[in-house]
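In what follows, a single structure is set out as structure tokens and then discussed.
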Amino acid sequence: MNDTPGWASPGSAPSEDQGADVPRPSQPVDGNGPAAHWSPTQPPAGQWSQPGPSGTGPGAPGPAPAWGGGPQGPGWGQPPLAAKPGVIPLRPLGVGEILDGAVSTMRAHWRTVLGITLTVSVVAQLATILVQRFLLPAPPTIDPYATGSEALRQSADSAQSALVTSIPSAFITLIATLITTSVLTMVISRSVLGRPVTLSDAWAEARPRLAQLLGLTLLLALMSAAIMAIGLLPGLLVGSTAGAGLIVVGFLAAAVVVLWLMVRFCLASPALMLERQSITASMRRSAKLVRNAWWRTFGVLALTWLLTLIVATIIAIPFTVIAMAVDGGGAGSLFTDGSAQFGWSFLIISGIGQVITATITYPLSAGVMALLYIDQRIRREALDLELARAAGLPGYGNGS
């Protein structure tokens, strides 16, 4: 790892061969410790001091060991006090510490975090409102008294219209998420080391990687779409009642595969940003880091998604109620003919709620993803030692 937020790619062997938790050396490395481009392979003899028989003496651990005290030393198998130069302690993290680290980053660098999330959210919401108001076609009118084939046709037209109208907003949201995630990942990489970071610094670090991050996101989206299409295709070809059953089974099977792949590749984005790897190399890197930790990774991501959903719901409900109360005409058309032709007042008020939601949830999601990546590298590759060196902690091979 370098002293800059761009983290060099370590070797891949430990991710393949080591278990979920690797023992840490009992003493920080000396002045001939890991190089800037750190590799987690075993260093030559003599680079790590050995503790005395009781964990004390000339080779004893420093005041803040990264994890344990060696097989015979104190604290083996349980996390002792660890150095904490920034928002997280430099040792394997618990789920609560990952969430707390994301929130602590928002508090410690609130100007930078608020600056990027608020700016991107406002621009994205303005673009979405303008597209919805001027570029998208009006939703089809639904006759509540239609029956039979006419009702089926109206349902198909409504579903098609909803799909078409959701594409522009989904694309705008994708771009906004990419920008905020990339910049916030660089902010977190600095906050872990306890270093200040400005918005211009974070943007300068993230900007060269945006094109590759977009390519990675589109590739994962195309993979998901292709898998879903393969799962639905047999049922669509068969048709009739049996085809409907095949569609349900194929959808469930494809959804399971997509979920497995998305968790497997969830760390590709921070790997691409922090290790400066290619798209395919980042996907392989993520697969190696998630290996043997799929369920834990899924649990952390599911909990984060649940928290963001709760926050979004709490914020959206009052703004939606106020918007519908102010724009009574749109709400009336929704309940009479099924066409939600909302006016400017509804779009603006609900848009304010969505900006507030994005400003809060974007940093939380990006922070959890980046810290989950760091945690997996600490567990598999003892990255905490190199983080301590980069943070300038005494006794970790930084010349102190």
Can we say Ala255 is in a helix (DSSP H, G or I), over 30 Å from Gly367 (Cβ atoms) and either without any contact (Cβ under 8 Å) to a residue 60 or more places away in the chain or within 30 Å of the chain's Cα centre (by Cα) (or both)? no
In segment 264-275, is there at least one residue being under 30 Å from the mean Cα position of the chain (by Cα), at pLDDT 90 or above, assigned to a helix (DSSP H, G or I) and surrounded by fewer than 16 Cβ atoms within 10 Å (Cβ to Cβ)? no
Would you confirm whether or not segment 234-243 contains a residue that is surrounded by 12 or more Cβ atoms within 10 Å (Cβ to Cβ), over 13 Å from Ser182 (Cβ atoms), of a type in the set (Gly, Ala, Ser) and without any contact (Cβ under 8 Å) to a residue 60 or more places away in the chain? yes
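Rundown of residues vs (1) in contact with a helix residue (DSSP H, G or I) (Cβ under 7 Å, 6 or more places away or on another chain); (2) surrounded by fewer than 24 Cβ atoms within 10 Å (Cβ to Cβ); (3) of a type in the set (Ser, Thr, Tyr); (4) closer than 23 Å to Gly94 by Cβ, yes/no style:
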{"site": "Gln354", "(1), (2), (3), (4)": "yes, yes, no, no"}
{"site": "Thr357", "(1), (2), (3), (4)": "yes, yes, yes, no"}
{"site": "Gly367", "(1), (2), (3), (4)": "yes, no, no, yes"}
{"site": "Leu371", "(1), (2), (3), (4)": "yes, no, no, yes"}
{"site": "Arg377", "(1), (2), (3), (4)": "yes, no, no, yes"}
{"site": "Gly392", "(1), (2), (3), (4)": "no, yes, no, no"}
{"site": "Gly395", "(1), (2), (3), (4)": "no, yes, no, no"}
Taking segment 295-349 as the region of interest, how many residues are in contact with a Ser or Thr (Cβ under 6 Å, 6 or more places away or on another chain), among the hydroxyl-bearing types (Ser, Thr, Tyr) and at pLDDT below 85? 2
So for segment 308-319 (the condition being surrounded by 14 or more Cβ atoms within 10 Å (Cβ to Cβ) and closer than 20 Å to Gly96 by Cα), does at least one residue qualify? yes
Answer with yes or no whether Leu246 is modelled with pLDDT of 90 or more and either part of a helix (DSSP H, G or I) or not hydrophobic (A, V, I, L, M, F, W, C) (or both). no
For segment 148-159, check the following and say yes or no: at least one residue is at pLDDT below 90 and buried (at least 21 other Cβ atoms within 10 Å of the Cβ). no
I'd like to know if segment 189-208 contains one or more residues that are touching a residue at least 40 places away in the same chain (Cβ under 8 Å), over 30 Å from Gly86 (Cβ atoms) and surrounded by fewer than 16 Cβ atoms within 10 Å (Cβ to Cβ). no
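Results for (1) in a helix (DSSP H, G or I); (2) within 24 Å of Ala225 (Cα to Cα), shown as yes or no for each residue.
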site	(1), (2)
Leu259	yes, yes
Gln277	no, no
Arg284	yes, yes
Asn292	no, no
Val311	yes, no
Val321	yes, no
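The values are calculated or read from the model by the stated rules, or taken from the named source; none is laboratory data. Note that the coordinates shown come from a computational prediction; the quantities given were computed from them, not determined experimentally. As a convention, Cβ positions derive from the backbone with ideal geometry for all residues, glycine included, and neighbour counts pool all protein chains shown.
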